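Undergrad: Just dropping this structure here.
The values are calculated or read from the model by the stated rules, or taken from the named source; none is laboratory data. Since this is a predicted model, take the numbers as computed values, not measurements. Every residue, glycine among them, receives a Cβ derived from its backbone with ideal geometry; neighbour counts consider all protein chains shown.
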Amino acid sequence: MTSTNGTGTHGAVIADTAADQADGAIVELRNAGKSYGNIRALHGVDLAVYPGKVTCVLGDNGAGKSTLIKIVSGLHQHTEGEFLVDGQPVRFSTPREALDKGIATVYQDLATVPLMPVWRNFFLGSEMTRGSGPLRRLDIEKMKKTADEELRNMGIVLDDLEQPIGTLSGGQRQCVAIARAVYFGARVLILDEPTAALGVKQSGVVLKYIAAARDRGLGVIFITHNPHHAYMVGDHFSVLRLGTLELSADRSEVSLEELTNHMAGGAELAALKHELSQVRGVDVEELPEEADLTAPVAGGGEGKS
Ligand SMILES: Nc1ncnc2c1ncn2[C@@H]1O[C@H](COP(=O)(O)OP(=O)(O)OP(=O)(O)O)[C@@H](O)[C@H]1O
């Protein structure tokens, strides 16, 4: 995770610049932060999203995950540091501007109309039409065919695209939303806790389509509380705590166990274990050992300046 566009030397040939960008991050935060009035929700965060890679952002409640994705998705503006897209500093005023740069966000409470068919939801707000002027009408057949093809391309097979989207499982709806973002040209896909409300099997299905989006060359930002889910698909892991990066490590630099320890809060959980051991009727043996929790983690400072 490094800065992307070489030395910044003037006069570089265009082909070199293009190659640099192709190899570089689509989205990058450098020492970025955000304050809401007096509240500093995010501070000193470095993050890079590469095509064909999954960047996982983990953190407990209040860690700053939502604030981070709101900056990247155009809902809020950063108040510190830099935000770059394709190596150029940006400051989005609306989510539409982020979308125009190919940054699409799939929120947990998916913006779908439950009683409308799957294919209709797939094109919601961007309907295909035929004819022009007063003869212009929805091209229903084309929308059905395209939705079917696109879902199949992602490996999503639904029995009937006429069924109301509300009848699909939560996992299936997440998958439709991912396929939809891919079809509408997303280059970066932000997934806001897509597995949070799902059981084991459905989470597995969603993880499969996160991998499918990655394999189609998208850069994915996967927000989650769950280190196990993150580790199944992640190429890079950024753990936030109280608004700052507590870990930024590539997959080769961190094990699942270490990632879990970071999420568990290491020393904090060890202290809690000690406290709980004083309480009658609480079995602290079920909690991990203190030594496991405080094990040093490779790459903990990576990405920080
Ligand atoms: N609009 C806001 N105004 C003031 N403070 C805010 C606002 N949004 C977030 N915060 C504060 O910023 C900090 C980070 O919040 P954020 O919602 O980004 O965390 P999170 O990691 O997404 O948490 P959760 O998983 O609970 O959604 C918190 O202390 C929160 O209270």
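Undergrad: Just name the residue that is nearest to the chain's Cα centre (by Cα) out of those in region 197-248 that are within 14 Å of the ligand (Cβ to nearest atom), assigned to a loop (DSSP other than H, G, I, E, B) and of a type in the set (A, V, I, L, M).
TA: Within region 197-248, the match that is nearest to the chain's Cα centre (by Cα) is ALA197.
Undergrad: Looking at region 225-246, I want the residues that are within 30 Å of ASN38 (Cβ to Cβ) and have a partner that is among the hydroxyl-bearing types (Ser, Thr, Tyr) and within 11 Å of the ligand (Cβ to nearest atom) with Cβ atoms under 8 Å, at least 6 apart or on another chain. Which pairs are those?
TA: Filtered contacts from region 225-246: GLY243/THR67.
Undergrad: When you scan region 72-89, do you find a residue that is assigned to a helix (DSSP H, G or I), closer than 30 Å to LEU168 by Cα and within 15 Å of the ligand (Cβ to nearest atom), even just one?
TA: Within region 72-89, one or more residues are assigned to a helix (DSSP H, G or I), closer than 30 Å to LEU168 by Cα and within 15 Å of the ligand (Cβ to nearest atom).
Undergrad: Let me ask you something else. Quick one: which residue in ARG152, ARG173, ARG137, ARG130 is farther than 16 Å from LEU218 by Cβ and surrounded by fewer than 12 Cβ atoms within 10 Å (Cβ to Cβ)?
TA: Being farther than 16 Å from LEU218 by Cβ and surrounded by fewer than 12 Cβ atoms within 10 Å (Cβ to Cβ) holds for just one of ARG152, ARG173, ARG137, ARG130, which is ARG137.
Undergrad: How many residues are crowded, with 20+ Cβ neighbours inside 10 Å and either outside the structural domain of ASN38 (by the TED database) or in contact (Cβ under 8 Å) with a residue 40 or more places away in the chain (or both) when one looks only at region 70-100?
TA: Residues that pass the stated criteria total 6.
Undergrad: What is the number of the single condition among (1) near the ligand (Cβ under 9 Å from one of its atoms); (2) at pLDDT 95 or above that ASP60 does not meet?
TA: (2)
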